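The next block holds one structure in the form of structure tokens; read it before the comments.
Each value in this text was obtained by applying a stated rule to the coordinates, not by laboratory testing. Keep in mind that what you see is a predicted model, and the values were worked out from it rather than measured. Please note: Cβ atoms are built from the backbone with ideal geometry, for glycine as well, and neighbour counts cover all protein chains shown.
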Amino acid sequence: MKHIVILGGGFGGVYTTKYLLSLLKNRSDVKITLVSRDNYFLFTPLLHEVATGGLNRHNIVEPIRNLFRSSLFEFVKSDITEIDFHKKIVRTGLCNISYDYLVIALGSTTNFYDIPGAQEHCLDLKNIEAAAAVRNRIIDSLETASKSKGKDIRSYLTFTVVGGGPTGVELAAEIADFVRQMLRYDYHHLGKEFTVHLVQRGETILPFISASSRQRAHDELIHQGVTILLGSEVTKVFPDGIEINHTKKIPASTIVWTSGIRPRQIAMKPSIVDARGFIPVNKYLQVPSQKNVFALGDCALFTNPGEDKPVPALAQTATIQARYVARNIVHALKNKPLEPCRVRLSGLLVSVGQRYAVAELLGVRLSGFLAWWIWRTIYLFKLVGRVNKIRVAIDWTMNLFSKRDTSQL
């Protein structure tokens, strides 16, 4: 019996498992084991709505054991401590697991680039606990502001998002709407004035989309009350603010870091990562020195054949790569030639607050309410679990007529 072991319960790992079970459903000589430290799959593209009271956090998670009902499948909930490629063993906190084929989809963590104070004083948005922490910090800031006097209030009513990619843009717009609502209904004695900063090191936000879509997103952020600071490198972070370009200090009680990722690190014998911690793979998504080992998603360094830049670290990228990994493992089991991977993104969707988004789908550029409706529709269908789809649809419908949830998590 051949044993396929998949490390990681994110998009790469879960979708590889899904495709493998579909391709191997008529075989009894194969076993698939998924190893993850969490017992659930998290739909990360909607974390920013959990962080700002738009969605219940339980509606974007699905227990992994609920996803796969197959005699070929086994789930192990444990931390991964080491991969021994010589012995073909994965060591976990619970047991050692031998493999014939290994898929590494361990994802990434936040990259703070060794900026002084960043890791200590910034929040991130990588998991469900982090989303809860962002929401709690925003509410705590408003509570403190309600009892403060003088210039201290300004700091507590300033919220900073570092990073002008899709996550940063979506989060900044949602924070502006969340805070505006709370000032209107719960803290009206503080007035209507608050500040949301979106800090971007580069000269533009959303570098992966066209200039016209970037400009529309930029204009809508300004309309939502977000202050965009371009060409602004964060050089130091304090408990009560950030330093930009080694000179200017901006006070802020809430600082969320969405700029940059680094692969999640585990011990390996021998090491197969590059100087930055990524796992370089060939056109088949194989590790060149380990033909029975594949890697994908945020932890892998993959470049489309004939191109110069690695593919972007997106959930869409991981799901596309998962299909190729599954096919190539099946090809290997049948001693057939492997299939080169090519990641072609079907489009990019970025929400900019309530009822507005920018979209580029199959060469068509859209913005405004229609793009926002398409964004929600696509994400709704991509959610894993029928019950979650219904719950999120209800949440979104209720949000059209009622205010966001302002209870702390």
Note to self: Under a Cβ-only charge scheme (Lys and Arg +1, Asp and Glu -1), can you give me the dipole magnitude of region 118-259 about the Cα centre, in debye to the nearest 20?
What the structure shows: 320 debye
Check: For the chain, with the dipole built from +1 on Lys and Arg beta-carbon atoms and -1 on Asp and Glu ones, taken about the Cα centre, which of Met398, Gln408, Tyr284 lies farthest toward the positive end?
Finding: Tyr284
Check: Under a 5 Å amide H to amide H cut-off, with H placed in plane at 1.01 Å, what residues pair with Thr406 once short-range neighbours are removed?
Finding: none
Item checked: Simple spin-label estimate for Thr204 and Arg184 in nanometres, 7 Å along Cα-Cβ -> 3.3 nm
Check: At q = 0.09, 0.21 Å⁻¹, what log₁₀ I(q)/I(0) does a Debye calculation on the Cα points of region 118-259 give, no solvent, two decimals?
Finding: -0.25, -1.35
Check: Leaving out same-chain residues fewer than 8 places away, which aspartates and glutamates sit with a Cα under 20 Å from that of Lys31?
Finding: Glu74, Asp84, Asp100
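If packing is taken as the mean number of other Cβ atoms within 10 Å per residue, what is the order of 277-289, 302-314, 100-112, highest first?
100-112, 277-289, 302-314
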Margin query: Whole-Hz ³J(HN,Hα) for each residue in region 166-181, computed from phi via Karplus 6.51 cos²θ - 1.76 cosθ + 1.60 with θ = phi - 60°, x for glycine and proline: what do you get?
Written below: x, 5, x, 5, 5, 5, 4, 5, 5, 4, 4, 5, 4, 5, 4, 5
Check: Of Gly9, Leu171, Gly353, which is farthest along the charge dipole of the chain in the positive direction, counting Lys and Arg as +1 and Asp and Glu as -1 at C-beta?
Finding: Gly9
Note to self: Please arrange Thr235, Thr160 by how many other C-beta atoms lie within 10 Å of their C-beta, fewest to most.
What the structure shows: Thr235, Thr160
Next item on the list: About the Cα centre of the chain, how large is the charge dipole given +1 on each Lys and Arg Cβ and -1 on each Asp and Glu Cβ? Please answer in debye to the nearest 20.
Entry: 1200 debye
Checklist line | Across Lys88/Lys334; Lys87/Lys336; Lys25/Lys336; Lys291/Lys336, pairs whose alpha-carbon gap is larger than 23 Å | finding: Lys87/Lys336
Check: If you compute Cα extents along the principal axes in Å for the structure shown, which of (1) 76, 53, 47; (2) 71, 45, 44; (3) 66, 55, 41 do you land on?
Finding: (2)
Notebook entry, point to check: Using modelled amide H (1.01 Å from N, peptide plane; none on Pro or chain starts), what sits under 5 Å from the amide H of Glu233, excluding residues fewer than 5 places away?
Noted result: Asn245
Check: Arranged by the count of other C-beta atoms within 10 angstrom, fewest first, what order do His48, His86, His197 take?
Finding: His86, His197, His48
